[in-house]
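I have placed the structure first, in the form of structure tokens, so that the comments after it can refer back to it.
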Amino acid sequence: MGNNKSSLKSTIAVSLTNYLDAGAIVAGASGLSLWQSYLGLTEAHLGFLNAISANCLGAAIGAIIGGFLADKYGRKAIYTYNMLIYMLGVLLVVFTTNFPMLLAGFLVTGISVGVGVPASWTYISESSEINNRGRNIGISQMAWGIGPLIILLLGWFLAPPTNNAEAGFMFPFVSQAATQIIGSDAPAAAINVFSSRIVFASLFVVALIAWLLQRQLEESAEWKAAKAEENNTEVAQKGKSVFASFGTLFSNKVNVRTMLFLAGMYLTWNLVSSVMGFFQQHIYETAGGLSNGEANMLSAGQWVIIIGMTFVFSMLVDKVNQRMLYIVGVGAAVLAWVMIVTIGIGSMSGLLFFTLLWGIQGGISVQGFYALWASELFPAKYRAAAQGIMFFMVRGLSAAWGLVFVNIYGEQGEGFTLAAYLMMALLIVSLLIGAIWTPKTRGKSLEQITEERYGKEI
């Protein structure tokens with residue numbers, strides 16, 4: 001483990017992966033109606049975009065590959081190449097002219113996100129001290145909030161005039177540039193979608209910066225120690241496949257119980273969060289009747305709250321009862337859906353209450369606890385692989401749920417109330433799982449946690 005200064009530097013560099021994860025999801029969400037209009041997409045098309053995106057299947061595929069690669073070849077190996085894949089995916093979206101190309105861009109970007117997330121959370125945990133592990137995970141979650149905020153503000157500034165609302169103050173420049181590129185006789189939908197192209201282009205710039213910074217990171221000392229010990233074993237000398245630890249993970253009862261706990265509390269929360277991450281602005285525009293700019297503005301306000309509450313989370317998580325903190329966060333999520341059903345999504349007061357409460361839960365989020373506990377509860381030799389498997393299960397099932405959700409929701413949000421009650425039920429399950437089985441890891445080193453759970457011979 002490193003000292004506080006070095007662990008903070010590495011945390012900031014690695015946290016850009018979270019920025020790009022959430023940024024890709026929200027960039028797709030903020031421009032969803034624009035791509036729908038430009039390409040003539042149906043709700044089914046939108047469901048498939050969500051299903052293969054950084055929010056769901058794309059990330060699921062990447063996670064199960066990246067988790068095992070990070071354990072086999074090191075955390076640094078992921079940082080050397082992964083951002084190049086992300087940049088390719090973003091460029092596909094920027095230059096999209098048809099639905100298959102847009103789909104491919106979302107998929108490639110999602111795979112890159114999935115590859116990077118298990119390595120990132122693992123690296124942050126392994127480079128932290130006992131008294132700042134939760135803080136550093138919290139900082140990484142702040143990046144997960146800052147990304148969407150910047151993306152949404154950019155989307156708001158660039159927003160074209162929709163639903164009789166005024167355009168963003170930067171849209172005239174977008175319109176002028178678009179007409180010069182594709183011609184003044186181009187349809188409005190083709191010009192308007194340039195706003196989303198520019199938003200995705202900004203992610204390319206951040207990904208390039210992340211790649212340059214992450215390539216300079218030192219390999220995790222804990223991974224190197226675990227690898228050295230592994231290489232001395234007879235099995236390692238015979239040669240070990242990348243997926244060799246798969247059987248080990250599922251043959252150990254402690255591992256199975258841990259994965260069931262983590263996947264259960266994270267899945268039930270993520271089924272809701274993944275839908276809101278991708279469809280929130282679309283819901284605001286269809287069921288809520290807001291313009292594209294208004295939807296982005298309201299969501300941007302929500303992410304301001306998320307960032308502030310994530311800072312609170314990072315300051316408290318190493319010092320207070322984690323079970324109570326978890327209950328507060330998920331409790332706010334349940335209350336958010338209660339309020340939006342009670343007051344109505346067509347009411348601005350209902351949307352504001354939802355924005356506030358969903359922002360609170362986003363800062364004190366299940367994902368923050370999941371990232372912390374998943375990086376604490378497994379031994380170093382397959383820590384990233386275990387996270388990859390769980391991330392695969394969670395994001396893969398979220399992809400299937402997204403396809404179900406669009407059918408429940410309807411073309412114009414006529415099924416919103418039923419969908420909202422289902423969201424409430426899922427969040428209540430997450431609340432109960434996390435509250436009942438919160439692990440007691442605060443104030444303990446990773447080595448101590450591993451020994452307590454597995455013994456000395458793991």
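The values are calculated or read from the model by the stated rules, or taken from the named source; none is laboratory data. What you are looking at is a predicted structure, and each value in this text was computed from that prediction instead of being measured. We place every Cβ from the backbone using ideal geometry, glycine too, and count neighbours over all the protein chains shown.
Evaluate the following for Leu212: is it surrounded by 14 or more Cβ atoms within 10 Å (Cβ to Cβ), out of contact with any Cys (no Cβ under 8 Å at 6 or more places or on another chain), assigned to a helix (DSSP H, G or I) and at pLDDT 80 or above? Against the criterion (surrounded by 14 or more Cβ atoms within 10 Å (Cβ to Cβ), out of contact with any Cys (no Cβ under 8 Å at 6 or more places or on another chain), assigned to a helix (DSSP H, G or I) and at pLDDT 80 or above), Leu212 does not qualify. Only residues that are over 28 Å from the mean Cα position of the chain (by Cα) and not in a helix (DSSP H, G or I): list them for segment 171-207, please. Selection gives Gly183, Ser184, Asp185, Ala186, Pro187. In this structure, is Thr286 out of contact with any strand residue (DSSP E or B) (no Cβ under 6 Å at 6 or more places or on another chain) and closer than 30 Å to Glu414 by Cβ? It is true that Thr286 is out of contact with any strand residue (DSSP E or B) (no Cβ under 6 Å at 6 or more places or on another chain) and closer than 30 Å to Glu414 by Cβ. Restricting attention to segment 412-458 and to residues that are over 26 Å from the mean Cα position of the chain (by Cα) and of a type in the set (Lys, Arg), the residue that is nearest to Ile130 (Cα to Cα) turns out to be Lys444. Against the test of being surrounded by fewer than 21 Cβ atoms within 10 Å (Cβ to Cβ) and under 29 Å from Gly396 (Cβ atoms), the options Val317, Val334 yield a single qualifying residue, Val334. Scanning segment 334-361 for residues that are of a type in the set (Gly, Ala, Ser) and modelled with pLDDT of 90 or more gives Ala336, Gly359.
Within segment 27-37, is even one residue closer than 25 Å to Leu217 by Cβ and touching a residue at least 12 places away in the same chain (Cβ under 8 Å)?
Quick first cut of segment 27-37, residues closer than 25 Å to Leu217 by Cβ only: none.
Checking segment 27-37: not a single residue is closer than 25 Å to Leu217 by Cβ and touching a residue at least 12 places away in the same chain (Cβ under 8 Å).
Of all the criteria given as (1) touching a helix residue (DSSP H, G or I) at 6+ places or on another chain (Cβ under 6 Å); (2) at pLDDT 85 or above; (3) more than 18 Å from Ser120 (Cβ to Cβ), the one not satisfied by Glu411 is (2). All of Ala63, Ala54, Ala104 fail the test of being closer than 24 Å to Ala189 by Cβ and among the small types (Gly, Ala, Ser), apart from Ala104. Pairs meeting the criteria (first residue in segment 141-152 and under 17 Å from Met315 (Cβ atoms), second residue charged (D, E, K, R), beta carbons under 7 Å, at least 6 apart or on different chains) are Trp144/Asp21. Looking across segment 265-307 at every residue that is out of contact with any Cys (no Cβ under 7 Å at 6 or more places or on another chain), of a type in the set (Gly, Ala, Ser) and in a helix (DSSP H, G or I), the one that is surrounded by the fewest Cβ atoms within 10 Å (Cβ to Cβ) is identified as Gly301.
State yes or no: is Leu103 in contact (Cβ under 8 Å) with a residue 40 or more places away in the chain, in contact with a Lys or Arg (Cβ under 8 Å, 6 or more places away or on another chain) and under 26 Å from Ala400 (Cα atoms)? For Leu103, the condition - in contact (Cβ under 8 Å) with a residue 40 or more places away in the chain, in contact with a Lys or Arg (Cβ under 8 Å, 6 or more places away or on another chain) and under 26 Å from Ala400 (Cα atoms) - is not met. When segment 34-54 is limited to residues that are in contact with an Asp or Glu (Cβ under 9 Å, 6 or more places away or on another chain) and at pLDDT below 85, the one that is surrounded by the most Cβ atoms within 10 Å (Cβ to Cβ) turns out to be Ala54. Can you confirm whether Ser15 is of a type outside the set (A, V, I, L, M), part of a helix (DSSP H, G or I) and within 28 Å of Tyr284 (Cα to Cα)? No; evaluated as a whole, the condition is false for this residue. The set of residues in segment 444-458 being of a type outside the set (Asp, Glu) and surrounded by 12 or more Cβ atoms within 10 Å (Cβ to Cβ) consists of Lys444, Ser445, Leu446, Gln448, Ile449, Thr450, Arg453, Tyr454, Ile458.
Selection of first residues in segment 412-423 that are closer than 19 Å to Gly289 by Cβ and of second residues that are modelled with pLDDT of 90 or more and aromatic (Phe, Trp, Tyr), restricted to Cβ pairs under 8 Å at least 6 apart or on distinct chains, gives the following pairs, ordered by first then second residue: Ala420/Trp337. Ile305 satisfies every condition listed in (1) more than 28 Å from Gly58 (Cβ to Cβ); (2) without any contact (Cβ under 8 Å) to a residue 60 or more places away in the chain except (1). All conditions in (1) within 29 Å of Leu39 (Cα to Cα); (2) over 17 Å from the mean Cα position of the chain (by Cα); (3) in contact (Cβ under 8 Å) with a residue 40 or more places away in the chain hold for Leu88, with the sole exception of (3). Residue pairs whose Cβ atoms lie under 6 Å apart, separated by 6 or more positions or on different chains, with the first residue in segment 163-189 and surrounded by 13 or more Cβ atoms within 10 Å (Cβ to Cβ) and the second not in a helix (DSSP H, G or I), are Asn163/Ser291; Ala165/Ser291; Ala167/Pro160; Ala167/Pro161; Gly168/Ala159; Phe171/Pro160. Does Trp358 satisfy the criteria of being in a helix (DSSP H, G or I) and farther than 23 Å from Thr438 by Cα? Spelling it out, it is not the case that Trp358 is in a helix (DSSP H, G or I) and farther than 23 Å from Thr438 by Cα. Restricting attention to segment 382-392, does a residue exist that is farther than 26 Å from Ala332 by Cα, among the aromatic types (Phe, Trp, Tyr) and either in a helix (DSSP H, G or I) or touching a Cys at 6+ places or on another chain (Cβ under 8 Å) (or both)? Taking every residue of segment 382-392 in turn, at least one turns out to be farther than 26 Å from Ala332 by Cα, among the aromatic types (Phe, Trp, Tyr) and either in a helix (DSSP H, G or I) or touching a Cys at 6+ places or on another chain (Cβ under 8 Å) (or both). All conditions in (1) in contact (Cβ under 8 Å) with a residue 12 or more places away in the chain; (2) outside any helix (DSSP H, G or I) hold for Ile433, with the sole exception of (2).
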